[in-house]
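Just below is one structure, and these are the notes that go with it.
The values are calculated or read from the model by the stated rules, or taken from the named source; none is laboratory data. Not measured: the values here are computed from a predicted model. Backbone-built Cβ (ideal geometry, glycine too); neighbour counts: all protein chains shown.
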Amino acid sequence: MSPTRTSDVLVIGGGIIGLVTAWRAAQRGFATAVVDPAPGGGAAQVAAGMLAAVTELHYGEQTLLGLNLASARRYPAFAAELTEATGQDLGYRRCGTLAVALDADDRAHLRELHALQRQSGLESEWLTGRECRRLEPMLAPGVRGGLRVDGDHQIDPRRLAAALVTACERAGVVFHREWAERLTLARDRTAGVLTRAGDALGAGQVVLAAGSLSGRLAGVPEEVLPPVRPVKGQVLRLTMPERHGPFLSRTVRAVVRGSHVYLVPRENGELVIGATSEELGWDTTVTAGGVYELLRDAHELVPGLTELPLTETRAGLRPGSPDNAPLLGPTALDGLLLATGHYRNGVLLTPVTGDALAHALTTGELPDEARPFTPQRFRTAALTEQPA
Ligand code: GLY
């Protein structure tokens with residue numbers, strides 16, 4: 001075994017959540033390291049990058065909405081700071097979103113979403129089918145109505161990840177490009193990580209931010225192991241033509257036969273179509289059925305897209321949690337913190353997660369807005385579920 005190399009903060013996982021945590025920790029003066037074989041990889045290489053606090057609102061997720069909105073509010077300053085720190089374009093596009101309905105059932109569903117948005121004090125405007133097509137002329141003539149949400153934007157997650165790697169490097173974060181094999185403990189507290197290559201990395205505090213893999217790290221005591229599972233998403237990338245006027249000028253989404261489909265047009269001509277949602281464990285196969293369903297549903301929304309070159313098909317794993325919300329901050333094991341379980345909102349929640357973890361690493365506590373997302377909520381639930 002190599003001799004121990006130590007840092008104040010060691011982050012396991014170099015996806016966008018681990019990287020933002022490391023960047024913010026280094027900015028606070030912690031000697032910070034990240035352990036990951038390929039920093040900047042992970043689910044961000046697949047994600048579409050919608051910042052969709054309003055259009056992805058679900059019943060029963062009002063607490064999560066508060067965190068999503070807090071992060072959405074931070075995005076302009078966060079993107080400006082990261083661009084300033086790295087000189088890199090993040091593909092941050094304040095373009096808004098249009099959620100549309102294709103039939104009477106979809107319209108009823110969208111009306112309910114609109115009511116929930118209004119009850120929650122969110123800005124969204126009901127449009128007729130004709131008004132939707134005036135905004136987005138490529139939409140199918142059969143569109144029955146829609147919701148215009150001017151506050152739901154997008155960023156390019158691949159650029160975001162690359163910029164965070166650069167920002168970390170410039171802030172002095174050390175990268176150990178290897179797999180974390182096991183959490184190491186000493187006298188009932190976190191001591192560091194043993195890597196697959198046999199390096200012992202010591203740390204004052206360890207942040208487990210390994211996305212869907214977070215529940216699998218050896219050495220983590222069972223009672224603090226995060227209840228995170230992989231939820232597969234297949235995503236397509238097409239290229240839009242260069243011509244007068246945009247193919248689509250904003251994110252367009254719908255629920256078709258119960259499945260979510262979204263089309264995210266980037267300024268560089270990429271059109272991202274997502275996403276399936278499949279509970280298939282660690283499988284990341286791109287299937288004919290997945291591609292077919294996405295193209296079938298997207299084609300119903302925007303018939304002209306079948307003319308476009310299909311440039312990439314890929315599948316990633318969302319880190320799902322039992323209540324669809326992230327697990328943030330200190331665990332019951334001294335020195336171990338979590339930043340995982342972001343499920344469908346990892347890109348949106350990147351700024352607020354970085355701030356919350358920096359606060360927790362500095363003070364030992366979560367800031368008020370992040371308190372409901374303590375990992376301890378599952379521990380309490382497990383204890384109260386014990387039979388009498
Ligand atoms: N937030 C989009 C997705 O998870 O597919």
Read through the list (1) modelled with pLDDT of 95 or more; (2) among the hydrophobic types (A, V, I, L, M, F, W, C); (3) more than 27 Å from PHE175 (Cβ to Cβ), then give the number of the only condition that ALA43 fails. (3)
If you scan the range 252-272, which residues turn out to be in contact with an Asp or Glu (Cβ under 7 Å, 6 or more places away or on another chain) and within 16 Å of the ligand (Cβ to nearest atom)? VAL252, ALA254, VAL255, VAL256, SER259, VAL261, ARG266
Counted residues in the range 258-280 being on the phi > 0 side of the Ramachandran plot and exposed (fewer than 14 other Cβ atoms within 10 Å of the Cβ) come to 1
Can you find a residue in the range 23-33 that is touching a Gly at 6+ places or on another chain (Cβ under 7 Å) and either within 30 Å of THR276 (Cα to Cα) or surrounded by fewer than 22 Cβ atoms within 10 Å (Cβ to Cβ) (or both)? no
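Residues are listed down the side, and each one gets a yes or a no for (1) of a type in the set (Lys, Arg); (2) closer than 15 Å to LEU10 by Cα:
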| residue | (1), (2) |
| --- | --- |
| LEU185 | no, yes |
| ALA203 | no, yes |
| LEU213 | no, no |
| LEU217 | no, yes |
| PRO221 | no, no |
| LEU238 | no, no |
| ARG243 | yes, no |
| LEU271 | no, no |
| TRP282 | no, no |
For the range 125-139, does any single residue satisfy the condition of being under 21 Å from GLY258 (Cα atoms), within 22 Å of the chain's Cα centre (by Cα) and part of a helix (DSSP H, G or I)? no
Cβ pairs under 7 Å, 6+ apart or interchain, first in the range 313-329 and hydroxyl-bearing (Ser, Thr, Tyr), second more than 14 Å from the ligand (Cβ to nearest atom) and modelled with pLDDT of 95 or more, ordered by first then second residue, are THR313/VAL286; THR313/VAL291; SER321/PRO227; SER321/VAL228; SER321/LEU327
Determine which member of the set ARG144, ARG148, ARG158 is surrounded by fewer than 22 Cβ atoms within 10 Å (Cβ to Cβ) and within 30 Å of VAL34 (Cα to Cα). ARG158
Considering every residue within the range 74-96, establish whether at least one is within 14 Å of the ligand (Cβ to nearest atom) and touching a strand residue (DSSP E or B) at 6+ places or on another chain (Cβ under 8 Å). no
Please note which helices (runs of 4 or more DSSP H) are completely contained in the range 11-120 and include at least 3 residues that are out of contact with any Cys (no Cβ under 7 Å at 6 or more places or on another chain), small (Gly, Ala, Ser) and farther than 28 Å from ARG182 by Cβ. 62-86, 104-119
Do we find a residue being assigned to a helix (DSSP H, G or I), within 29 Å of VAL34 (Cβ to Cβ) and at pLDDT 95 or above anywhere in the range 293-315? no
Which residues, taken from the range 298-320, are within 13 Å of the ligand (Cβ to nearest atom) and farther than 23 Å from GLN205 by Cα? ARG314, ALA315, GLY316, LEU317, ARG318, GLY320
Do we find that LEU280 is within 16 Å of the ligand (Cβ to nearest atom) and in a loop (DSSP other than H, G, I, E, B) in this structure? yes
Within the set of pairs 6 or more residues apart or between chains, which connect a residue that is within 18 Å of VAL252 (Cβ to Cβ) inside the range 272-294 to a residue that is surrounded by 12 or more Cβ atoms within 10 Å (Cβ to Cβ) and among the aromatic types (Phe, Trp, Tyr) with Cβ atoms less than 6 Å apart? GLY274/TYR262
Within the range 324-371, which residues are in a loop (DSSP other than H, G, I, E, B), out of contact with any Pro (no Cβ under 9 Å at 6 or more places or on another chain) and away from the ligand (no atom under 16 Å from the Cβ)? ASP334, GLY335, PRO367
